[in-house]
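Contents: one structure, followed by commentary.
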Amino acid sequence: MALELLQIPCLTDNYTVLAHEPSTGETFCVDAPDARPILSALAERGWKLTHLLITHHHKDHIQGLDQLKTQFGCKVYGPEAESDKIVGLDETLKEGDHFDFAGHPVTVFETPGHTLGHICYHLPEDKLLFAGDTLFVGGCGRIFEGTPAQMWNSLSKLAALPGDTNIYCGHEYTLSNVEFAMKIEPNNIDLQTRLHEVREKRANNQPTVPSTIGAELKANPFLRPFSQEIRAYFGLDSASDLEVFTKVREAKDQG
Ligand code: ZN
Ligand code: FE
């Protein structure tokens, strides 16, 4: 059956998602920024948490893990490469691993860059990608542990997924991302439209997540190093995609 999805705002600007399979009653949660809003959402729907999927070791993604596991005895999945940093993992995952969630295949991408062990979860049959802090709507995660080359390689894997793949990510950073993008690619019509839509949604306190791979390819500057306008902005007309990506990331970090 189709999964029922519920996105829950947590902490200041984090998101988590509950996915529920009605035919078996199983439910997974992606990351655990804070147990409280997750527990309320589960109680409200009468869902029991059976699986918890962790993307990376940062505190704002795991600090509710212990409480959720204690309460539900759910099975906790997470990156093998960060198993020393995350307490409570039952299954450790690496590139290409797959498992079954209530009849739905889940595949794992290693996406180092934001952290060295970061993983993303892909449900190809459901057209869902849980991108954690690797790919944001209009942006990408800061490169805290890896190199720009690792991050670019990680983003390239995600960008190659079918355009109608829905992307859920770890934070509501879209408005700042889109305002930055407008500085470096102001003539991109898809971006102009996005700015409009995002401003309206945020003014009404609505989420801008999820997006799709197709929409990101049109308006996310971190997936667009091929753009002549972005290249011209940085004076990098004949540079490699990696060089352009690196420059875009640096420019966003500066401000
Ligand atoms: Zn993070
Ligand atoms: Fe985060």
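The values are calculated or read from the model by the stated rules, or taken from the named source; none is laboratory data. If you're wondering where the values come from, they're calculated on a predicted model, not measured in any experiment. Methodologically, a virtual Cβ is constructed for each residue, glycine included, from the backbone with ideal geometry; neighbour enumeration extends over all protein chains shown. Accessible surface areas use protein heavy atoms only, side chains included; no ligands, DNA or RNA. Shrake-Rupley method; radii C 1.70, N 1.55, O 1.52, S 1.80 Å.
Some notes on this structure:
- For the stretch 1-83, averaging the sequence separation of C-alpha pairs within contact (under 8 Å, six or more residues apart) and dividing by the residue count gives a relative contact order of 24 percent.
- Relative contact order (%) - the chain, alpha-carbon pairs under 8 angstrom, separation at least six: 13
- Its Cα centre serving as origin, the chain has a Cβ charge dipole (Lys and Arg +1, Asp and Glu -1) of approximately 520 debye.
- Cα-based equivalent ellipsoid, the stretch 1-160: semi-axes from gyration tensor eigenvalues, Å: 24, 17, 15
- At a probe radius of 1.4 angstrom, the accessible area of the chain per residue rounds to 43 square angstrom.
- A simple spin-label model places the labels of residue 254 and residue 201 3.0 nm from each other, with each point 7 Å out along Cα-to-Cβ.
- Mean separation of Cα contacts under 8 Å, 6 or more apart, over the residue count of the stretch 120-255: relative contact order %: 28
- Selected from 202, 45, 224 as most flexible by GNM, with the chain as the system and alpha-carbon contacts under 10 Å: 45
- For the stretch 34-41, Karplus couplings with θ = phi - 60° (6.51, -1.76, 1.60), whole Hz, Gly/Pro x: 7, 5, 4, x, 5, 5, 5, 5
- The simple spin-label model puts a point 7 Å past each Cα toward its Cβ; for residue 236 and residue 71 those points are separated by 4.4 nm.
- Using a Förster distance of 30 Å, the FRET efficiency for residue 156-residue 43 (Cβ separation, nearest 0.05): 0.15
- With every protein chain in place, the chain: carbon and sulfur % of accessible area (1.4 Å): 49
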